[in-house]
Amino acid sequence: MTTAATAQLDTLVARVPALREFGYWMRRYRRVWRGTVVMSVANPLLFLAAMGAGLGKLVDANHSGHLAGTPYLDFLAPGLLAASAMQNGFIEGAFPVFQSSRSRGNYPAAAATPMRPGDILAGHLLFVAFRVLLSGVLFLAVVVAFGVVGPARAALAAVPVLLTGTAFAAPLMAWAVTVDRQSRLNGLYRFVVMPLYMFSGTFFPIGQLPHWLRAVAACTPLYQGVALTRAVALGDARPGATAVHIGYLLALTAAGVWAARRAYVRRLNR
(Lines give C-alpha, C1' and ligand atoms only; values in the text may rest on other atoms or scores of the structure.)
Protein backbone atom coordinates (compact mmCIF):
# COMPACT_ATOMS: atom_id res chain seq x y z
CA MET A 1 0.00 0.00 0.00
CA THR A 2 1.35 3.41 -0.96
CA THR A 3 1.93 6.23 1.49
CA ALA A 4 -0.98 8.22 0.01
CA ALA A 5 -3.35 5.27 0.29
CA THR A 6 -2.25 4.68 3.87
CA ALA A 7 -2.90 8.34 4.71
CA GLN A 8 -6.38 8.16 3.13
CA LEU A 9 -7.16 5.00 5.09
CA ASP A 10 -6.02 6.63 8.35
CA THR A 11 -8.24 9.64 7.61
CA LEU A 12 -11.24 7.38 6.93
CA VAL A 13 -10.68 5.42 10.15
CA ALA A 14 -10.38 8.69 12.10
CA ARG A 15 -13.73 9.88 10.70
CA VAL A 16 -15.51 6.53 11.21
CA PRO A 17 -14.47 5.13 14.63
CA ALA A 18 -16.43 1.90 14.03
CA LEU A 19 -13.75 0.92 11.51
CA ARG A 20 -11.26 0.64 14.37
CA GLU A 21 -13.38 -2.08 15.95
CA PHE A 22 -13.86 -3.71 12.55
CA GLY A 23 -10.09 -3.63 12.05
CA TYR A 24 -9.55 -5.32 15.40
CA TRP A 25 -11.78 -8.25 14.42
CA MET A 26 -10.17 -8.48 10.98
CA ARG A 27 -6.71 -8.70 12.55
CA ARG A 28 -7.94 -11.54 14.77
CA TYR A 29 -9.49 -13.26 11.76
CA ARG A 30 -6.20 -13.17 9.84
CA ARG A 31 -4.90 -15.83 12.22
CA VAL A 32 -7.76 -18.29 11.73
CA TRP A 33 -9.19 -17.59 8.27
CA ARG A 34 -7.74 -20.71 6.67
CA GLY A 35 -9.63 -23.06 8.98
CA THR A 36 -12.93 -21.21 8.56
CA VAL A 37 -12.63 -21.22 4.77
CA VAL A 38 -12.03 -24.97 4.73
CA MET A 39 -15.09 -25.54 6.94
CA SER A 40 -17.19 -23.20 4.81
CA VAL A 41 -16.45 -25.32 1.75
CA ALA A 42 -16.27 -28.79 3.32
CA ASN A 43 -19.59 -28.62 5.19
CA PRO A 44 -21.82 -27.75 2.22
CA LEU A 45 -19.87 -30.16 0.04
CA LEU A 46 -20.55 -33.07 2.42
CA PHE A 47 -24.19 -32.10 3.02
CA LEU A 48 -25.01 -31.67 -0.66
CA ALA A 49 -23.19 -34.86 -1.64
CA ALA A 50 -24.82 -37.01 1.06
CA MET A 51 -28.33 -35.55 1.30
CA GLY A 52 -28.77 -33.86 -2.05
CA ALA A 53 -27.08 -36.20 -4.51
CA GLY A 54 -27.58 -39.31 -2.33
CA LEU A 55 -30.90 -39.08 -0.49
CA GLY A 56 -32.19 -36.82 -3.24
CA LYS A 57 -32.16 -39.68 -5.75
CA LEU A 58 -34.54 -41.67 -3.54
CA VAL A 59 -36.84 -38.66 -3.12
CA ASP A 60 -36.87 -37.88 -6.84
CA ALA A 61 -37.50 -41.53 -7.72
CA ASN A 62 -40.82 -41.37 -5.81
CA HIS A 63 -41.88 -38.14 -7.58
CA SER A 64 -42.92 -36.33 -4.41
CA GLY A 65 -45.80 -33.96 -5.17
CA HIS A 66 -44.72 -31.70 -2.28
CA LEU A 67 -41.71 -30.52 -4.32
CA ALA A 68 -43.84 -29.57 -7.36
CA GLY A 69 -41.40 -31.20 -9.76
CA THR A 70 -38.31 -29.51 -8.30
CA PRO A 71 -35.36 -31.91 -7.95
CA TYR A 72 -34.58 -32.47 -4.27
CA LEU A 73 -31.00 -31.23 -4.63
CA ASP A 74 -32.30 -27.93 -6.08
CA PHE A 75 -34.82 -27.69 -3.23
CA LEU A 76 -32.31 -28.54 -0.49
CA ALA A 77 -29.31 -26.41 -1.49
CA PRO A 78 -30.92 -22.94 -0.98
CA GLY A 79 -32.43 -24.12 2.31
CA LEU A 80 -29.05 -25.26 3.60
CA LEU A 81 -27.55 -21.98 2.42
CA ALA A 82 -30.03 -19.93 4.48
CA ALA A 83 -29.66 -22.25 7.49
CA SER A 84 -25.88 -21.86 7.25
CA ALA A 85 -26.31 -18.07 7.31
CA MET A 86 -28.40 -18.42 10.48
CA GLN A 87 -25.74 -20.58 12.14
CA ASN A 88 -22.95 -18.20 11.16
CA GLY A 89 -24.97 -15.29 12.49
CA PHE A 90 -25.41 -17.14 15.77
CA ILE A 91 -21.79 -18.26 16.09
CA GLU A 92 -20.33 -14.85 15.24
CA GLY A 93 -22.96 -12.80 17.06
CA ALA A 94 -23.29 -14.72 20.32
CA PHE A 95 -20.10 -16.24 21.73
CA PRO A 96 -17.58 -13.51 20.68
CA VAL A 97 -19.90 -10.80 22.07
CA PHE A 98 -20.27 -12.68 25.36
CA GLN A 99 -16.49 -13.10 25.70
CA SER A 100 -15.71 -9.53 24.59
CA SER A 101 -18.05 -8.00 27.14
CA ARG A 102 -16.32 -9.75 30.08
CA SER A 103 -14.06 -7.68 32.30
CA ARG A 104 -10.94 -8.84 30.39
CA GLY A 105 -12.56 -8.73 26.96
CA ASN A 106 -11.86 -6.21 24.25
CA TYR A 107 -15.09 -4.25 24.70
CA PRO A 108 -14.08 -2.63 28.03
CA ALA A 109 -10.67 -1.80 26.53
CA ALA A 110 -12.26 -0.21 23.48
CA ALA A 111 -14.75 1.67 25.66
CA ALA A 112 -11.80 3.23 27.54
CA THR A 113 -10.84 5.01 24.29
CA PRO A 114 -12.84 7.81 22.61
CA MET A 115 -14.94 5.10 20.90
CA ARG A 116 -18.59 5.07 21.93
CA PRO A 117 -20.58 1.87 22.61
CA GLY A 118 -22.45 2.44 19.34
CA ASP A 119 -19.13 2.52 17.47
CA ILE A 120 -18.06 -0.76 19.07
CA LEU A 121 -21.37 -2.38 18.14
CA ALA A 122 -21.27 -1.05 14.57
CA GLY A 123 -17.70 -2.24 13.99
CA HIS A 124 -18.37 -5.71 15.37
CA LEU A 125 -21.67 -6.07 13.49
CA LEU A 126 -19.91 -5.04 10.28
CA PHE A 127 -17.41 -7.85 10.84
CA VAL A 128 -20.22 -10.35 11.53
CA ALA A 129 -21.88 -9.31 8.26
CA PHE A 130 -18.56 -9.80 6.48
CA ARG A 131 -18.21 -13.32 7.90
CA VAL A 132 -21.79 -14.26 7.00
CA LEU A 133 -21.32 -12.98 3.46
CA LEU A 134 -17.92 -14.65 3.00
CA SER A 135 -19.21 -18.04 4.18
CA GLY A 136 -22.29 -17.63 2.00
CA VAL A 137 -20.22 -16.87 -1.09
CA LEU A 138 -18.09 -19.97 -0.51
CA PHE A 139 -21.24 -22.06 -0.02
CA LEU A 140 -22.65 -20.63 -3.24
CA ALA A 141 -19.47 -21.59 -5.08
CA VAL A 142 -20.10 -25.20 -4.07
CA VAL A 143 -23.76 -24.94 -5.11
CA VAL A 144 -22.70 -23.62 -8.50
CA ALA A 145 -20.22 -26.50 -8.82
CA PHE A 146 -23.11 -28.94 -8.24
CA GLY A 147 -24.99 -27.27 -11.07
CA VAL A 148 -27.94 -26.20 -8.90
CA VAL A 149 -27.74 -22.53 -9.94
CA GLY A 150 -25.72 -20.50 -12.41
CA PRO A 151 -23.22 -17.80 -11.39
CA ALA A 152 -25.72 -14.95 -12.01
CA ARG A 153 -28.41 -16.36 -9.71
CA ALA A 154 -25.76 -17.29 -7.17
CA ALA A 155 -24.67 -13.64 -7.04
CA LEU A 156 -28.29 -12.58 -6.41
CA ALA A 157 -28.72 -15.26 -3.73
CA ALA A 158 -25.90 -13.68 -1.70
CA VAL A 159 -28.30 -10.85 -0.77
CA PRO A 160 -30.88 -13.00 1.11
CA VAL A 161 -27.99 -14.87 2.74
CA LEU A 162 -26.68 -11.59 4.16
CA LEU A 163 -30.18 -10.52 5.25
CA THR A 164 -30.79 -13.84 7.01
CA GLY A 165 -27.46 -13.80 8.84
CA THR A 166 -27.77 -10.21 10.09
CA ALA A 167 -31.43 -10.74 11.07
CA PHE A 168 -30.20 -13.36 13.54
CA ALA A 169 -26.92 -11.70 14.54
CA ALA A 170 -28.23 -8.26 15.55
CA PRO A 171 -30.84 -9.47 18.10
CA LEU A 172 -28.37 -12.05 19.39
CA MET A 173 -25.72 -9.39 19.97
CA ALA A 174 -28.28 -7.35 21.90
CA TRP A 175 -28.91 -10.31 24.18
CA ALA A 176 -25.40 -11.81 24.36
CA VAL A 177 -23.87 -8.59 25.71
CA THR A 178 -26.16 -8.90 28.74
CA VAL A 179 -25.62 -12.62 29.43
CA ASP A 180 -23.56 -13.61 32.47
CA ARG A 181 -23.21 -17.36 31.79
CA GLN A 182 -22.16 -19.10 28.57
CA SER A 183 -24.50 -21.99 29.34
CA ARG A 184 -27.41 -19.72 28.42
CA LEU A 185 -26.00 -19.31 24.91
CA ASN A 186 -25.57 -23.07 24.62
CA GLY A 187 -29.17 -23.55 25.73
CA LEU A 188 -30.41 -21.12 23.11
CA TYR A 189 -28.55 -23.04 20.42
CA ARG A 190 -29.92 -26.41 21.51
CA PHE A 191 -33.53 -25.43 22.17
CA VAL A 192 -34.14 -22.64 19.63
CA VAL A 193 -31.61 -22.67 16.81
CA MET A 194 -31.63 -26.44 16.20
CA PRO A 195 -35.47 -26.73 16.09
CA LEU A 196 -35.51 -23.81 13.67
CA TYR A 197 -32.93 -25.63 11.57
CA MET A 198 -35.11 -28.74 11.40
CA PHE A 199 -38.62 -27.30 11.02
CA SER A 200 -38.32 -24.09 8.97
CA GLY A 201 -38.51 -25.59 5.51
CA THR A 202 -34.81 -26.36 5.12
CA PHE A 203 -35.16 -30.09 4.45
CA PHE A 204 -38.83 -30.40 3.48
CA PRO A 205 -41.76 -28.07 2.66
CA ILE A 206 -43.56 -26.84 5.76
CA GLY A 207 -46.78 -28.02 4.08
CA GLN A 208 -45.88 -31.48 5.36
CA LEU A 209 -46.04 -30.29 8.98
CA PRO A 210 -49.24 -30.57 11.07
CA HIS A 211 -51.63 -27.74 10.21
CA TRP A 212 -51.19 -25.85 13.49
CA LEU A 213 -47.40 -26.04 13.20
CA ARG A 214 -47.30 -24.60 9.67
CA ALA A 215 -48.37 -21.14 10.88
CA VAL A 216 -45.72 -21.25 13.62
CA ALA A 217 -43.02 -22.28 11.15
CA ALA A 218 -44.06 -19.57 8.66
CA CYS A 219 -43.55 -16.90 11.33
CA THR A 220 -39.97 -17.89 12.12
CA PRO A 221 -37.11 -15.79 10.74
CA LEU A 222 -35.35 -18.83 9.29
CA TYR A 223 -38.41 -19.77 7.25
CA GLN A 224 -38.47 -16.23 5.85
CA GLY A 225 -34.78 -16.51 4.97
CA VAL A 226 -35.16 -19.99 3.46
CA ALA A 227 -38.18 -18.97 1.36
CA LEU A 228 -36.45 -15.84 0.07
CA THR A 229 -33.16 -17.61 -0.70
CA ARG A 230 -34.94 -20.49 -2.41
CA ALA A 231 -37.12 -18.19 -4.52
CA VAL A 232 -34.12 -16.16 -5.67
CA ALA A 233 -31.93 -19.19 -6.34
CA LEU A 234 -34.62 -21.07 -8.30
CA GLY A 235 -35.74 -17.97 -10.20
CA ASP A 236 -39.40 -18.08 -9.10
CA ALA A 237 -39.47 -15.03 -6.80
CA ARG A 238 -42.85 -13.25 -6.70
CA PRO A 239 -42.92 -9.51 -5.93
CA GLY A 240 -45.47 -9.68 -3.09
CA ALA A 241 -43.92 -12.61 -1.23
CA THR A 242 -40.39 -11.29 -1.80
CA ALA A 243 -41.36 -7.92 -0.31
CA VAL A 244 -42.79 -9.65 2.76
CA HIS A 245 -39.65 -11.77 3.28
CA ILE A 246 -37.29 -8.81 2.84
CA GLY A 247 -39.43 -6.54 5.04
CA TYR A 248 -39.54 -9.17 7.79
CA LEU A 249 -35.77 -9.69 7.81
CA LEU A 250 -34.98 -5.96 7.61
CA ALA A 251 -37.42 -5.20 10.44
CA LEU A 252 -35.84 -7.89 12.62
CA THR A 253 -32.36 -6.54 11.88
CA ALA A 254 -33.43 -2.96 12.65
CA ALA A 255 -35.08 -4.01 15.92
CA GLY A 256 -31.96 -5.98 16.85
CA VAL A 257 -29.67 -3.03 16.15
CA TRP A 258 -31.91 -0.70 18.19
CA ALA A 259 -31.95 -3.11 21.13
CA ALA A 260 -28.22 -3.77 20.83
CA ARG A 261 -27.36 -0.06 20.95
CA ARG A 262 -29.28 0.29 24.21
CA ALA A 263 -27.77 -2.89 25.66
CA TYR A 264 -24.21 -1.91 24.71
CA VAL A 265 -24.62 1.54 26.28
CA ARG A 266 -25.92 0.03 29.52
CA ARG A 267 -23.17 -2.61 29.61
CA LEU A 268 -20.16 -0.47 28.68
CA ASN A 269 -21.08 2.75 30.49
CA ARG A 270 -21.76 1.23 33.87
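Among the residues that make up the range 211-230, is at least one of them at pLDDT below 90, more than 18 Å from Gly93 (Cβ to Cβ) and of a type in the set (Phe, Trp, Tyr)? For the range 211-230, residues at pLDDT below 90, more than 18 Å from Gly93 (Cβ to Cβ) and of a type in the set (Phe, Trp, Tyr): present. Of everything listed in (1) modelled with pLDDT of 75 or more; (2) part of a helix (DSSP H, G or I); (3) exposed (fewer than 15 other Cβ atoms within 10 Å of the Cβ), the single unmet condition for Arg31 is (2). Close Cβ contacts (under 6 Å, 6 or more residues apart or on different chains) running from residues in the range 106-124 that are more than 22 Å from Gly165 (Cα to Cα) and small (Gly, Ala, Ser) to residues that are crowded, with 21+ Cβ neighbours inside 10 Å and at pLDDT 95 or above comprise Ala110/Ile120.
Every residue, every condition in (1) surrounded by fewer than 23 Cβ atoms within 10 Å (Cβ to Cβ); (2) farther than 19 Å from Leu134 by Cβ; (3) under 17 Å from the mean Cα position of the chain (by Cα), yes or no:
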site: Leu81; (1), (2), (3): no, no, yes
site: Ala85; (1), (2), (3): no, no, yes
site: Gly89; (1), (2), (3): no, no, yes
site: Phe95; (1), (2), (3): yes, no, yes
site: Ser103; (1), (2), (3): yes, yes, no
site: Asn106; (1), (2), (3): yes, yes, no
site: Pro114; (1), (2), (3): yes, yes, no
site: Leu121; (1), (2), (3): no, yes, yes
site: His124; (1), (2), (3): no, no, yes
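The residues of the range 126-153 that are open to solvent by 30 Å² or more (accessible area, probe 1.4 Å) and either outside any helix (DSSP H, G or I) or closer than 30 Å to Thr178 by Cβ (or both), listed by number, are Leu126, Phe130, Leu133, Leu134, Phe146, Gly147, Gly150. Beta carbons closer than 6 Å, at least 6 apart along the sequence or on distinct chains, pair a first residue in the range 225-251 that is open to solvent by less than 50 Å² (accessible area, probe 1.4 Å) with a second that is among the β-branched types (Val, Ile, Thr) for Gly225/Thr164; Val226/Thr202; Ala233/Val149. State whether the residues of the range 47-61 include one that is touching a residue at least 40 places away in the same chain (Cβ under 8 Å) and of a type in the set (Lys, Arg). No, every residue in the range 47-61 fails to be touching a residue at least 40 places away in the same chain (Cβ under 8 Å) and of a type in the set (Lys, Arg).
A residue that is surrounded by 11 or more Cβ atoms within 10 Å (Cβ to Cβ), in contact with a Ser or Thr (Cβ under 8 Å, 6 or more places away or on another chain) and at pLDDT 80 or above occurs nowhere in the range 46-55.
Examine the range 190-200 for a residue that is modelled with pLDDT under 90, open to solvent by less than 70 Å² (accessible area, probe 1.4 Å) and not small (Gly, Ala, Ser), and state whether such a residue exists. Taking every residue of the range 190-200 in turn, at least one turns out to be modelled with pLDDT under 90, open to solvent by less than 70 Å² (accessible area, probe 1.4 Å) and not small (Gly, Ala, Ser).
Selection over the range 181-220 of residues that are assigned to a helix (DSSP H, G or I) and not aliphatic (A, V, I, L, M) gives a count of 16. All of Val192, Val144 fail the test of being of a type outside the set (Asp, Glu), free of Cβ contacts under 8 Å to residues at least 40 places away in the same chain and touching a Pro at 6+ places or on another chain (Cβ under 9 Å), apart from Val144.
Consider the range 86-132 and keep the residues that are at pLDDT below 90 and among the hydroxyl-bearing types (Ser, Thr, Tyr). The one that is farthest from Leu19 (Cα to Cα) is Ser103. Consider the range 168-189 and keep the residues that are open to solvent by less than 40 Å² (accessible area, probe 1.4 Å) and among the small types (Gly, Ala, Ser). The one that is farthest from Val132 (Cα to Cα) is Gly187. Based on this model, can you work out whether Pro205 counts as closer than 23 Å to His245 by Cβ, over 16 Å from the mean Cα position of the chain (by Cα), touching a residue at least 24 places away in the same chain (Cβ under 8 Å) and open to solvent by less than 40 Å² (accessible area, probe 1.4 Å)? Considered against the rule, which asks whether it is closer than 23 Å to His245 by Cβ, over 16 Å from the mean Cα position of the chain (by Cα), touching a residue at least 24 places away in the same chain (Cβ under 8 Å) and open to solvent by less than 40 Å² (accessible area, probe 1.4 Å), Pro205 comes out as yes.
The values are calculated or read from the model by the stated rules, or taken from the named source; none is laboratory data. Remember, it's a predicted structure, so these values are computed and weren't measured experimentally. Cβ: placed from backbone, ideal geometry, glycine included. Neighbour counts: every protein chain shown. Just so you know, the surface numbers come from the protein's heavy atoms only, side chains and all, with ligands and any DNA or RNA stripped out. Shrake-Rupley method; radii C 1.70, N 1.55, O 1.52, S 1.80 Å.
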